Each structure stands twice: as C-alpha cells, then as structure tokens.
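Have a look at the structure below, then the notes.
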Amino acid sequence: MKKILFCLWAVMLFLSTSGVFAQYKTKGAFSSDKYYGYYVKDKLSEGMRVMANEDYYVIDEGDQGTYFGTNGGNPPCLVIWDKYLGKDPTLMEGFPESKKGYAYWIDWHKLNIIGDDAMNTIARVSIHENFPAQKSKRYTFYVPQSSSNLRQAQLIIRASDNDYDDDGDYTDFAISVNGNNLIWQEELKNQGLPSDESPGNISFAIGHHLKNGSNTLVLQNTETEGQVDYARIEYFEVRAGKSGKTTHTGAPINQRYYSEVRIGNQVWMGENLNVSRFRDGEPVPHAKTKEEWTKAGENKQPAWCYYENSPANEKEYGKLYNWYAVNTGKLCPDGWRIPTSKEWSDLQDYLNDGEVYFYGGGEEGNKMKERGTSHWKYPNKNATNESGFTALPGGERDTEGTYQYLEMLGHWWSITEDWSADHRAHNIVLNYKSEEMEGRYGSKQYGFSVRCIKE
C-alpha cells in the first residue's frame, strides 16, 4: 500500500511540476459534473489537446486526442483520438456508423484539458468549388516569416464529396506544392477520403517543399474529359509546429493571416476583423468604459472594444469598431479594404441569383450565417452557410456604450455614408430569426463588426 501511495504521489508531483494540467482545472475542483462541464465548454477551442478522465465506450480513461469541434448535440464534443489516427488519417466531422471508432463524441465533463495543439494553422484558403474532369486551379498562400518548424508542416485538404462513375472508379487527382507532386493521377479514396458524400480531410507532409513567403498549391482532377467523376474541395490549410511564445517585433499586429472566401466575383475575409493596430502600426484606441466610448464618438475619433470587455468574446466574434476607425482607410490589412454599400448589395444580389431584396424578402442571410446554435440563438432556422461567409452574431455597442444583442444580431460596417444625415453610415445586419440580409443606416458612433473585402 505504501508503494502504491508513493507512486501516486510521485505521479501527481510530476504533473504539477511539469506543467501538465497546471493551466486548467480538473473535475475535482468543481462541486458537480454539470459545473465542470460548463468550465470545459468555456475554455475549450478547436485544436486543443484533451484527455479522457473516465472510460466511455471505446474510449479509455487516459486516452488523449485533439478536440475538433461541437455540434451542440448529445454528447457534444468530437475528439480525434490519438490511438486511432494510424487507422484513419481523414479526421472527418461526420462519421458513418461503421467508422465511429476512428473518432468519437464525448461529454464535456469527461474531458481534461491538456492545452494547445502542437501545430499552428499558418495559412488557410477557402475554395468551396466542384472539380469536374480536367479542372485545374492554382492557389497562392503566404507563410509568415515568423513561422517555425516548417519541416513538420502538414497540408490539410478538406473535401465534402468524392463521386465515382458507373465502373466504380473513384476520382483521380493530382496535387502539388511549389511544383512538387504529392500525388499524380491517384484516387482520392487511396488517400483516406470517404467514397461517398461524407466530408473528410486528406493530409500530406509538406515540410521539405514549403518556404517562408509566397507558396503555390495546384489541384487538378486528372480524369479524362467527359468522365462524371468529380470531387468538391472546401478549403485547404497549412499547419506547422509551434516553437514557443511568439513575439511581435515591429510588424503591425494587423498583418496576421486571415482566412478568405470567394463568393461570386468577390473575395471576403472568412472571419471578422480582429486588430488593435492600424496598417501603419499606430494603435487603435481601446475604449473600455462607457465614458471613453461616448467621448470617442462625440469627438469623431476611432475606437474599438470587446463585447462586454471580455477577451473571450473577441476570440469568438472579433472586435467591435466605431465608424471613425473604419473611415481611417488603414484599418484593414494590406490588400484589403472596407466594403461599400454597393458591394454588400452585390453580395446579396449574387446569393439571391440576381433577385435583389435590399430591404428584406430574400434568403441570402441563411446562406451567410453559420449553421446551428453554437453561436446563434435558437432557432437560427434554415441557416446553411452555403456561401462560406460564416457570419457570427457579435452584437453591437450603442452610442452610450451599452452592449446588446450578442448571439441575436450581427452588424457589419460599410464605408458608405448617409448622404442625408452626416452622423450616419451604412451597415448590414443579420438576425437569428430572419432569413434575409437587411441594409440600414445607423449612427457612426455605434460599435459593429467588420469584414474586409479584397482589393
């Protein structure tokens, strides 16, 4: 018994001194599974490492994996478990019954949080296109100079369909990075992609092909012209090993990488803007109190804030900016700018197949909003996000500094002023219980989200 107690003590001493779990609380610190579950849900984000704290069907206590997301169901957490990675490299979101052992859903309270993943996403490009026979496209992505451990870099390609012809042959593809073939005329099925409409990932080690700066990826369906085989590619991302804490040495903080999504002839940021410095490196004033926010608006000065001054909200929804920050012309990163009211209208027009409902009546909002109720308030009915815009309800801050409508409304600025009222500017709004995108004119002192459009 003394030996057992000594071993347990030694293990706990190792965990505490080595930093394992030191940053995050475990179940024993809470009065119930319910409250511990709330804690895990609040702290956990995609890509973080976790450990099972009890047995659960095919998962054993002590198994480790990477948290991949939630659908709000029961159980809600999808974890890619390490012990199954060698059997299934695809990391799929939706698993058919026969493959549930390759990843597994689990409850919040049955997980201990270990910490950040060992890999950083350093580039991500949205595609959302079908690749029929002979289609080939070249994509450019940028690897920041500060990125390290490129020798461990991985390319992750997300596909949502892998069709086949009457002979049962699956889609042949060629994939190359910087002119180096990763596969050539090989079936995607052989790379671990599902052979049906289930979404899945294909992964490649590309460290020896990658470089700092500009890189190119080429995707090509190598099937003979006329063949019905095709695949739909949603996005790709590049991950590299972390090397510890990152510091900024003179580079403006808003030069971080942003995902992008092509919708019609427009290219939009795939996420809300989240910067605290202008493009020239000057800080955007942070207005924390109601008094600071009101004063900035009255003096027509730029300002930003987190919703309810909570950095947790920034992580989910980005920052809120008044229009005076937007109007500086230097809020967006290089190569991006604030959209005009016409560009918002063009987006609406495209999503409604040419039918314009600028004052309501269309269904473009459903095509822009993130699916489900992870962020949007119930019911968020009929939201599909088929455009890939992934609109989130970041709420707003009014002229007096009051926060309101988080999880209910998402507002985004345009650069266009109201010609009939100097104190107002155009913005668009999406609502949790509405299907359309609504155009409005509101006070320039309000705090709204920002989506930049590519120049």
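Quick note: the coordinates plus some simple rules give every number you see, no bench work behind them. Here the structure is a predicted model, which means the values were calculated and not measured.
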Residue by residue through the stretch 347-353, the couplings from Karplus 6.51 cos²θ - 1.76 cosθ + 1.60 with θ = phi - 60°, in Hz, x for Gly and Pro, are 4, 4, 4, 5, 5, 9, 6
Once amide H atoms are placed 1.01 Å from N in the peptide plane, what residues at a sequence separation of 5 or more from Ile122, or on another chain, have their amide H within under 5 Å of its amide H? Val238, Arg239, Ala240
